Every structure is written in structure tokens, then in C-alpha cells.
Amino acid sequence: MKMLVTGFEPFGGDPENASHEAVRRLADAWAADPQAGVELVTGVLPVAFAAAGPALTALVDEHAPDAVLAVGEAGSRSAITPERWAVNADDARIPDNGGDQPRGTVIDPEGPARRESAFDADALASAVLAVGLPADASEDAGRFLCNHVAYLVAGLRRDGAPIPGGFVHVPAVRSSGTATVGAETDAPAARSALATETGTDASRDASALTHDGEALTFDDLALGLAAMVRAVASGDAQRASTRETGRVDRASTVIDAAPEVVYEALLDPVALAAWLPPEGATGTIEHMDAREGGGFRAVLRFADPADTKTDATTDVSQVRFVELVPGSRVEQTVTFDSGEERFRGEMRMTWRLEPVEAGTRVTVAATDVPAGISQSDHELGLGSSLANLARHLAR
């Protein structure tokens with residue numbers, strides 16, 4: 001698959017645009033570590049109503065992509081937000097980079113009032129959450145350039161055939177200082193509500209929004225974009241898909257540690273007890289036998305339990321090691337101690353470790369998942385565990 005990912009040029013007086021910087025870093029990371037089956041091409045769009053459409057068309061004509069993901073920044077948002085749809089309206093509260101300020105005009109007089117993204121926004125958000133970053137599906141792309149491009153992307157065609165396309169907003173991160181633009185996506189009321197919720201002036205100080213106590217960076221945003229590209233390429237983000245057929249639950253992140261160090265943390269019972277329990281849980285690891293054919297017993301206890309498997313507050317599972325490749329792979333089976341049929345069965349999990357420039361890319365994939373386990377909840381939990389692992393190894 002060839003996938004085109006676009007960002008926007010800087011807007012107004014700001015020297016940076018988070019979408020552009022994130023896409024640039026995505027391209028650099030992909031070039032350094034190409035992903036099998038995905039050819040990535042990127043481009044930059046002007047922040048101008050009259051020029052953005054022709055620039056998008058030119059990129060599509062040049063690269064002939066199989067799918068397109070357009071990226072813009074939203075100064076009032078603290079999470080990466082895939083858009084569900086765009087509306088057929090331009091209503092700019094401020095001028096674009098060319099001085100144009102359309103008010104209450106349609107984008108395509110012959111087009112529908114709303115176009116849905118070709119991608120499942122919830123699945124894209126799940127992919128981002130799985131790499132440990134904040135994400136949520138969005139119902140409103142605004143009425144500025146982002147919505148304009150989102151509407152065009154959702155209607156792309158080549159030789160009469162549709163090109164799957166979608167749009168995602170990233171927070172208006174800056175390498176220094178704070179964003180002075182980027183809040184055009186959301187109405188003042190929405191920005192005010194967010195400021196009340198977060199205790200910050202979200203319309204002005206987007207770069208101060210944090211993740212795990214640290215400021216989001218352009219590299220974080222690029223990691224989130226990479227997760228969405230993989231979700232699209234694998235078919236997990238197809239809007240019409242149930243995602244349950246041939247189900248594989250996945251999560252991935254990059255950890256600042258050597259593969260050998262990460263591998264040890266997958267087999268050390270003290271380390272496992274520290275990082276394996278997802279957010280809201282604690283755990284113990286019992287009877288560790290770290291060899292092929294061996295295994296351990298995991299007991300997870302939840303402070304605010306919801307649909308636990310063993311008793312009202314606890315999940316207990318027996319893990320067996322199927323294959324251990326030092327510094328590279330841990331393959332295991334997991335059987336839950338449960339009296340409910342929907343949690344029965346032997347789930348297979350594979351942890352893969354790949355050396356990358358920033359350390360180790362850790363990917364976990366689960367198959368034969370019991371029917372009673374929600375895919376989105378499972379991937380969220382796996383992503384939480386991986387974020388714990390990254391923090392544990394950073395100490």
C-alpha cells in the first residue's frame with residue numbers, strides 16, 4: 001500500500017505548525033525504519049482556502065496513493081483526534097495565509113452536506129492509545145482550513161474510483177513557547193469548556209498540555225501518526241469493517257532501552273509485577289519459570305473493577321512460554337481462571353522487539369482472544385501496560 005500523509009505549512013505569525021513537524025518526523029522515522037507493505041509519501045498543504053485543494057490534487061496526481069491521511073493542528077485540544085466527518089461549509093473567523101476569509105460558503109455546491117471519513121475514527125484513536133498517547137474520536141472538524149481539507153480528502157477520486165481518505169487533528173505543540181494560532185478549529189465555547197476542564201487557557205497555551213506528566217513533543221505526535229498509518233494499512237481502520245474477523249489485538253511503542261534490557265523485563269517477575277498491570281490495577285507474579293515450556297501465574301487486582309474474569313475484583317491467568325528468543329521475541333499462551341464460558345480458551349500473545357534509532361520498538365499481538373474481551377478495551381489495556389514498561393525502564 002502507498003499512503004500519502006499531509007500536514008499544513010505554518011500559519012499566521014507562528015514559525016511552526018505541529019501537523020507539518022509531526023509529518024516531517026514521521027517521514028524521517030519511516031525512511032530510517034521502513035514498515036513492510038507500506039510505502040509512505042508525504043506533502044505540505046498551504047493554509048489558504050483557494051490553494052489547499054489544488055495542492056492536494058497535485059500531490060494525489062503525483063504519487064497515486066492508495067489512501068490519504070491529512071493532518072492539521074487544533075490549538076484547543078489536548079489529544080490526537082481523528083475526525084469522523086467534515087461538513088460542506090467554510091466559515092472562517094479569521095483570514096487564512098492569503099488573506100481570504102470565506103463566511104458561510106459551501107465547499108462543493110454539488111457535494112453532500114457532510115462527508116464521512118473512509119476510516120473508523122474509533123479504530124484510529126485506539127491505535128494511538130495503544131502506543132501510550134492521548135486520543136479520542138472527534139465529531140467536529142470546525143469550519144476553517146482543516147474542515148475544508150477534510151471534506152476534500154473524504155471525496156477524493158482517481159480514474160473514477162474513490163481513494164480512501166481521512167483527517168486527524170493533533171494538538172498545537174511547539175518546540176518552544178506557546179501556540180498563538182491553531183484554535184480556529186473549535187468554537188470559543190468549546191475552548192472555554194476545555195480550559196475549565198483542564199485548568200489551563202487551552203486556546204492560548206496548547207504546548208503546555210501534558211501526557212504522563214511530560215509535555216507532548218513532535219516525536220510523540222509522529223509516533224501517533226505512525227500507529228494510524230499501520231492501522232489503515234492493516235485494514236483495522238476500515239470504517240465498514242467489524243474488526244472482529246480474523247481478529248488480532250495489537251499495541252506498540254518505542255522504548256528508550258536496548259532490546260536485551262526490554263527482553264529481561266518481559267521475564268523478570270519483579271519487573272512484570274511493576275509494569276504489566278494496566279492503569280487502575282496492581283498485580284503479583286507467582287511461580288515464574290522463565291524457560292520454553294515454563295511460565296507463571298499472574299494475578300491482577302482492580303481498584304475500580306469492570307467485568308473482571310475471576311472474581312469481583314480480580315483477573316487470574318496462567319501464562320506458558322511457547323518460544324523465547326533472547327532480545328527478539330517472547331511467544332506465550334494465556335489461559336484465564338474464569339467460570340464464564342466467554343472468557344474460556346487459550347489466547348496466544350507474541351511480543352516482538354526491534355532495535356530502532358531511539359531504542360526498541362515493542363509490539364504485542366494477541367490472537368484467539370476470548371469472545372468476552374472487547375478488542376478496544378484489550379488494546380487500551382495493552383497500550384497502558386507498554387506505557388508502564390517504558391516508564392519502568394526509564395528509572
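A few notes on this one:
- Whole-Hz ³J(HN,Hα) from phi, Karplus 6.51 cos²θ - 1.76 cosθ + 1.60, for the stretch 10-25, glycine and proline x: x, 10, x, x, 6, x, 10, 10, 4, 5, 4, 5, 5, 5, 5, 5
- Taking G383, G166, G53 in turn, the Gaussian network model of the chain (Cα-Cα springs below 10 Å) assigns the largest fluctuation to G53.
- Recomputing Cα extents along the principal axes in Å from the coordinates shown identifies the correct label among (i) 66, 63, 41; (ii) 68, 48, 40; (iii) 77, 55, 32 as (ii).
- Loop-located GluC sites (Glu not before Pro) in the stretch 310-382 whose Cβ has at most 14 other Cβ within 10 Å (DSSP): E340, E357
- Sum of side-chain charges, V364 neighbourhood, beta-carbon under 12 Å (Lys, Arg +1; Asp, Glu -1): +2
- Considering only V322, P164, V23, the residue lying farthest towards the positive end of the dipole of the chain is P164, judged by Cα position with unit charges set on Cβ.
- Surrounding net charge for L221, when Lys and Arg each add one and Asp and Glu each subtract one, Cβ distance under 10 Å: -3
- Charge dipole (debye, nearest 20) of the stretch 2-234; +1 at Cβ of Lys and Arg, -1 at Cβ of Asp and Glu: 240 debye
- Backbone N under 17 Å from the A371 label point (7 Å along Cα→Cβ), restricted to the stretch 312-355: 336, 338-347
- If the segment from E340 to H63 were pulled out straight at 0.36 nm per residue, it would be longer than the present Cα-Cα gap by 94.6 nm.
- Candidates T367, F302, V261 compared by Cα position along the dipole of the stretch 249-394: farthest toward the positive end lies V261, with charges placed on Cβ.
- Positive-end residue of T105, W85, V181, charge dipole of the stretch 2-234 with Cβ unit charges: T105
- Approximating the spin labels as points 7 Å out from Cα along Cα→Cβ, the D159-to-R348 distance works out to 3.8 nm.
- Build a GNM of the chain with springs between Cα atoms under 10 Å apart, and of G294, G99, G224 the one that fluctuates most is G99.
Bear in mind that the values in this text are calculations on the coordinates, not laboratory data. Remember, it's a predicted structure, so these values are computed and weren't measured experimentally. Neighbour counts run over all protein chains shown; Cβ positions are idealised from the backbone, glycine included.
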